[in-house]
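Working notes for the structure below.
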Amino acid sequence: MDYKKTLSKLKPLIIIILLFSVVFFLRAEAYNISGVPAESQDFYKYDSGLPYFSEMDSYYNYRLTLNYIETGMMGDTKINGTDWDSLSYSPPGRVVDYPPLIVYVTSFFYHLVNLFGKIPLTAVAFWTGAIIGSLCVIPAYLFVRRITNDYGGIAAGILVGTAPTYFAHTYAGFFDTDMFNILLPLLAIWFFVESIQAEDVRKSVIFATLSAISLIVFSLAWVGYIFYLSLLIVFVLAYIIIENLILKDKKPVKEYSNKLKWFLDQKELFSLIIVLVLGGLFVGIFNGFGSIVDSIYGLIGVNQIQALSHATSYPNVYISVSELQIPTLINTANGISGIFLPNQSSIIGGVGGLLVFLSGIMGIGVLIWKIKSLYQIKKYKAKSSKSIKNPSKSNRKGKYAGKSKNIKESSDKGIKLSKEELFVAKRQNLIYVVLFIVWILMTGYAVTKGFRFVSTFSLPISLCAGIFLGFVVEYIRENLKTNSTLALLAFIGGALTLYPFGFSIIITLLAGLLAALVVMVIKKPEIRAPIVMSLVVLAVIAPSVSAANIMSNSVVPGTDDGMWNSMQWIQNNTPNNTVVMSWWDFGHLFTAAADRPVTFDGGSQNTPRAYWIGKAMLTNNETLSLGIFRMLSSSGDQAYLTLDNYTNDSGKTSEILIGTLGLSKDNAQNVMVNNYKLTPDQAQKILNYTHPSNETPFVFVASSDMLGKAGWWSYFGNWDFQKQNASRASYFPSVGSSKPQVINNTTMVQTVNTQVGNQMIGVLVQEGINGTNQINASIIVGENTTFQSINPHKLIIIQGNRLAVNEIVEENSTLSLLVIGENGTYTTVIMDKALEDSMFTKLFLMGGFNQTSFKFIHQEPGVVLWTSTNSKINATT
């Protein structure tokens, strides 16, 4: 057996296995939740030992998959023959029009692995994203390998598989549809290119069909599949125009015997028609033909994403979603690291860093240079070389897609080509140039509409970076022979390979010197050249690999035992119709863990409910807060939507409801009729929604995460309908607990609190000054070495379960201070003045002090559950 020949044939398969293994194990590291201290990790795991999902949309996908496995439908019920989700956005719930691919794929995996053992759906879902997300290395490698070589293919596979914005949504424990957003578009475009370069019609049809199937499958994952179909259309149109301008030796139409033969020879147009016909037909069959129109409107709507955040009189949660913010091109805040290394705060950082971005742009340049170099060939000569096959009869008739690799290799090595083969080489390079320019321009434009599109931009950039590296290593192998030049490249490559991994500058330089020394010592070109070539590739891919490793080793699950056990308590101790209320972030977790309806969640955050929930937490009026919860849990949107019909003014509607929700039903009716001039019938209709006879029970979830989110929920709750704007208020909790210290006969408690902008805030509490029981508290605000002491507006001190101090200190101060003492240690929370008497402060930080509208029912670490005082839900021990 010829082992070398066998190994050569198996080399692509071996490389694919290694590429998949590298990117998968990088993703798998998230399972260890290394971002959590070892002593606390059990708090972030199910009883089975599996970590909780890392973000909340995962729980929605999990719940739909569970419904599908158990009942054969994604909803929990059907209304008029349509799947309906009664738990999300309750009341009334909402239709399940969610792309089902993630449910289908995960269900398949679940049934497959359970043929061999009893594996829970949570475990299957936990790993599905990492598996699917890692598969993208296969088409990336094969695509770029065809254009360049194994080095380019390997680089492309790694860069695509570890692109920061894609990796951040596909590591183990991140169970969302993002897993399909690189693999399927890449397959669709790769197959399409193969179809227009196929040797004959049969292969062209096969690859075009595979491209169509990829888009059809993608349509089941994301409505944005239409973007890639549009990309193919623009590419084909652009290519046809440019081809007619550049390729003068193209076979003219008059030389074809009939129009059918001409059409079949127009591979780009022929393949596109197949994709459009098959894609349109099957997308219409599976998703409904109306979905195609909806997708087109969705594509147009990309231009309106920023406008959508201001589409109504109500504030819109979209403005608080980081993925919809317009990204900056480059991150200069962190110096050279922010520019050079991958990050999640800029376009260049999001595609893998400066080297990847520049390599991607230069990849286009290399392809253009290849076309230019082909045009400099003036003489045509038939080859006698055995490595170059003569064009087939079909090629001589104008079908020049065949033997592409032989032609590419020949033209790269400078071997003269026949006229027909030269045309094929020009055509191949022109296809890639036009494709990647169109691809980069279209995805680059999409990036200007929101950070969420950076991952789509990273795909063509990563592929082009692989193309550039593939040609660079070829150039190194063929043209660079001197020791000094190779040693310099080895030094740069070795140093840049280590730099992203956080080594000191000395070690980084030593690594570069060592690499240069090795190259200087090795004299055999067949060994020396591959070392230098590998170092060049490693220098470009190292930042992405390092960033992926750091990311997967920094993962903290999106929830913990405190929240999970709270939801389990709700499931076991509340009626089935109990509505769980809080900010939208944890809505999907609430429905999955508590099996109870929620007010709103990640799929319905863009509604007026954000304003009303924010108002309920921000107001200091407890009866108003209770009235908002009562209205939302019992009638959902009906009160303010109906009232809008009477007022034609959402601001006036809000004013009326805020003035009446906290009143008794009779008093509310009087105010509506006498103060706001509603008719008695109109008032009664509104009161049926705001003060229902049969109230739906609710549970308000107050949790520690809400401290960090206060800037947003207070913004929505403080919305000014006239100015269409609002101010924010924030909490600044201490980073830890502190014990009292005696300094100069004075007992002091000092804490360091979270940062406010560029200022660090701290607290100094002094007790027993001059032998008295006087308590002084100061808020220390400073930047660098400049600090100043300010008095709080209000000082609140809680000792155990006793409210020791609750008084105004400085009328003009904008910050208030809460000090919580327990078991001899103290924690502090500095807050903006607007939050000192808010219902969230009272219910979460002050244990319900000085209010009678809400009843405490349960508590877990970091989570407190409340309901109405009149509710039949009771606390259990």
Karplus-derived HN-Hα couplings along the range 568-578 (A = 6.51, B = -1.76, C = 1.60, θ = phi - 60°), whole Hz, x at Gly and Pro: 5, 4, 4, 4, 8, 10, 10, x, 4, 8, 4
Summed residue charge, Cβ within 10 Å of P608's Cβ, Lys/Arg positive, Asp/Glu negative: -1
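Report the FRET efficiency, 1/(1 + (r/R0)^6), for L510 and L480, where r is their Cβ-Cβ distance and R0 is 30 Å, rounded to 0.05. Walk me through the numbers on the way to the answer.
On the way: r = 24 Å, r/R0 = 0.79.
That pair, L510 with L480, gives E of 0.80.
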Histogram of C-alpha separations across the range 596-651, 10 Å bin width, %: 21, 53, 25, 1
Distance histogram in 5 Å bins (all Cα pairs of the range 554-623, percent per bin): 3, 16, 23, 20, 20, 14, 3, 1, 0
Accessible surface of the chain [probe 1.4 Å, protein heavy atoms]: carbon and sulfur percent: 58
Rh (Kirkwood; distinct C-alpha pairs) - the range 96-175, Å: 14.1
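Can you give the charge dipole size of the chain about its Cα centre, rounded to the nearest 20 debye, using +1 on the beta carbon of Lys and Arg and -1 on the beta carbon of Asp and Glu?
Details: 66 positive and 57 negative charges, 1190 e Å.
Dipole of the chain, to the nearest 20 debye: 5720 debye.
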Dipole moment magnitude, nearest 20 debye, the range 1-121 about Cα centre, only Lys, Arg, Asp, Glu C-beta charged: 780
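Provide Rg over Rh for the range 485-625; use the alpha carbon set for both Rg and the Kirkwood Rh (inverse mean inverse pair distance). Before the final figure, lay out the partial values.
Details: Rg = 28.2 Å, Rh = 20.1 Å.
Computed over Cα atoms, the ratio is 1.40.
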Dipole magnitude (debye, nearest 20) for the range 96-254, charges at Cβ of Lys, Arg, Asp, Glu: 420
Angle between the chain longest axis and helix 201-219 axis [Cα atoms, degrees, rounded to 10]: 10
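Answer rounded, prolate or oblate for the range 1-95, using the Cα gyration tensor with square roots of eigenvalues a ≥ b ≥ c: rounded when a/c is under 1.5, else prolate when a/b is larger than b/c, else oblate. Before the final figure, lay out each step's value.
Values: a/c = 4.16, a/b = 1.67, b/c = 2.49.
Because a/c hits 1.5 or more and a/b fails to exceed b/c, the range 1-95 counts as oblate.
Taking the mean number of other Cβ atoms within 10 Å as a proxy for protection, how do you rank 517-529, 339-351, 632-644 from highest to lowest?
Working: 517-529: 14.1, 339-351: 23.2, 632-644: 21.4.
Going by the mean number of other Cβ atoms within 10 Å, highest first, we get 339-351, 632-644, 517-529.
Find out how many positive minus negative residues lie around S853, taking Lys and Arg as positive, Asp and Glu as negative, among other residues whose Cβ is under 12 Å from that of S853.
So the environment of S853 carries a net charge of +2.
Keeping every protein chain in place, order Y141, Y445 by accessible area at 1.4 Å, biggest value first, i.e. largest first. All intermediate terms of the calculation are to be shown ahead of the outcome.
Values: Y141 0, Y445 115 Å².
Ranked from most to least accessible, the order is Y445, Y141.
Can you check what the net charge comes to around M179, using other residues whose Cβ is under 14 Å from the Cβ of M179 (Lys, Arg +1; Asp, Glu -1)? Could the numbers behind the result be given before it?
Details: positive: R27; negative: E55, D57, D176, D178.
Value of the local net charge: -3.
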Note, ³J(HN,Hα) from phi for the range 178-191, Karplus 6.51, -1.76, 1.60, rounded to Hz, x at Gly and Pro: 4, 4, 8, 6, 10, 4, 5, x, 5, 4, 4, 6, 4, 4
Å² of accessible area per residue within the chain, as computed with a 1.4 Å probe and no ligands counted: 44
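Report, as a whole number in µm² per second, the diffusion coefficient that Stokes-Einstein gives for the chain at 37 °C and 0.692 mPa s using the Kirkwood radius over alpha carbon pairs.
The diffusion coefficient I find is 106 µm²/s.
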DSSP beta bridge pairing in the chain, given as percent antiparallel to the nearest 5: 85
Charge dipole of the chain about the Cα centre (unit charges at C-beta), most positive-ward option of I628, N648, I14: I14
The range 534-539 - phi-based ³J(HN,Hα) in whole Hz, Karplus 6.51/-1.76/1.60, Gly and Pro as x: 5, 5, 4, 5, 4, 4
0 to 90° range, to nearest 10: angle between helix 137-147 axis and the chain longest Cα axis: 30
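Can you tell me how the range 807-877 classifies by the Cα gyration tensor, rounded, prolate or oblate, using a/c under 1.5 as the rounded cut?
Values: a/c = 2.95, a/b = 1.62, b/c = 1.82.
The shape class here is oblate.
Computed over the Cα atoms of the range 37-81, what is the ratio Rg over Rh, Rh following Kirkwood? If you can, show how the numbers build up before the last one.
Working: Rg = 15.2 Å, Rh = 12.7 Å.
Rg divided by Rh gives 1.20.
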For M551, solvent-accessible area (1.4 Å; no DNA, RNA or ligand), Å²: 40
Pairwise centroid distance, computed over Cα atoms, of the range 796-866 with the range 472-492, Å: 67
Of the trypsin sites (Lys or Arg not before Pro) in the range 666-760, those whose Cβ has at most 15 other Cβ within 10 Å and which sit in DSSP loop: K677, K723, R728
Per principal axis, descending, Cα span of the range 142-210 in whole Å: 44, 28, 14
Cα→Cβ-extended label distance, 7 Å offset, between F849 and E810, nm: 2.0
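The values are calculated or read from the model by the stated rules, or taken from the named source; none is laboratory data. Keep in mind that this is a model prediction, so the values were computed, not measured. Note: ideal-geometry Cβ built from the backbone for every residue, glycine included; neighbour counts use all protein chains shown. Side chains are part of the model used for accessible areas, which takes the heavy atoms of the whole protein and leaves out ligands, DNA and RNA. Shrake-Rupley method; radii C 1.70, N 1.55, O 1.52, S 1.80 Å.
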